[in-house]
Amino acid sequence: MSNYIRDGRSPLPENEVTSKVMSKIKGKNTKPELLMRKAMWNNGIRGYRIHWSKVPGRPDIAFPGKKIAIFVNGCFWHRCPNCNPPTPKTHTAFWEEKFSRNKERDEKKIISLQDHGWEVLVLWECEIKENIDQCISKIHNIIGKYESN
């Protein structure tokens, strides 16, 4: 099959191409994240930290002084409620369990941040692709609430 070492967390793929594609997927600095950060910068939104580990959940984008956390979620991995991506047809039980754990982890991160007084915004990959200006508006609105206090 493949010539790289597997970590055993996932089932053996039935297709070498699938295996190669899946092994290249990144956890941070993804295309939607980079698009969002570039749009934020171009719209004068500064002062954020990326993958800030000093708070629960290590948000993709954090405004520590304002206690605002932004997660940029990939639709497939985090099970977007907007575009409702299909579950893979092979190893379905594995994927359903994986997605369930991802959703549970996401919810725990959000609750933990909120318990620490943070406002949390989740932006979905499809939202960013379809209307990045609306995503920027959401960020401006949240930041505006803290600047007017």
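The values are calculated or read from the model by the stated rules, or taken from the named source; none is laboratory data. Please read these numbers as outputs of a predicted model, since none were measured by experiment. Note that each Cβ is placed from the backbone with ideal geometry, even for glycine, and that neighbours are counted across all protein chains shown. The accessibility values were calculated without ligands, DNA or RNA, using every heavy atom of the protein model including side chains. Shrake-Rupley method; radii C 1.70, N 1.55, O 1.52, S 1.80 Å.
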Just from the alpha-carbon atoms, what are the Rg and Dmax of region 23-87 in angstroms?
13.1, 39
Plugging the Cβ-Cβ distance of Lys108 and Asn42 into 1/(1 + (r/R0)^6) at R0 = 25 Å yields, to the nearest 0.05, a FRET efficiency of 0.15
Restricting things to Cα coordinates, could you compute the convex hull volume per residue of region 25-149 in Å³?
106
So for R0 = 22 Å, FRET eff. of Asn131-Glu97 from the Cβ-Cβ r, to 0.05, ends up at 0.10
Efficiency by 1/(1 + (r/R0)^6): what FRET value for Trp52 and Thr87, r their Cβ-Cβ distance, R0 = 30 Å, to the nearest 0.05?
0.40
At a 1.4 Å probe radius, carbon and sulfur cover how many percent of the accessible area of region 94-147?
45
